[in-house]
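First up is the structure itself, then whatever we jot down about it.
Read-outs throughout are calculated quantities, based only on the coordinates presented, and are distinct from any laboratory measurement. Here the structure is a predicted model, which is why all the values come from computation and not from measurement. Cβ atoms come from the backbone with ideal geometry, glycine included; neighbour counts cover every protein chain shown.
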Amino acid sequence: MRSPILLDTGPLVAFLDRRDAFHEWAKSQFAETEPPAITCEAVLSEACFLLRRQPGAIAALLEMLRREAVVIGFRFEDELEPVSTLLRRFADVPMSLADACLVRMTELRTGAAVLTLDADFRIYRRHGRLIVPVIMPEVR
């Protein structure tokens, strides 16, 4: 059984925006990832906002959802308390709602890793003290 890939906003935007500095990296990650990538509605909301001026990008994102290359695998209403706890715990970072949902998703899915461009995931902890597994570009 393969490890779940949890999709953050940065790689999703980079994949859909050819002008993004991480576009090629994101393309290679999507090519190596067995679908579906799993995400949450907060990530999709952030991505749509960031892609709003990119012609066709939001339509491409919606098509990825239709084809189930990306799926929503999180019910915020079911995880309100754990997400609220994460937001309070990492308020000084600060942690976004999307980040909190993704960290919670790593707690719920054994072996899951977050595909991200956000170095804050190296600060966040799941289950109180465990490192959040991430896939991100090498820092140079």
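Brief remarks follow.
- For a 4.7 Å threshold on C-beta separation, the list of partnerless cysteines in the chain reads C48.
- The angle separating the long axis of helix 97-108 from the principal Cα axis of greatest extent in the chain is about 70 degrees.
- Built amide H within the under 5 Å cut-off of A37, gap 5+: V70, V71
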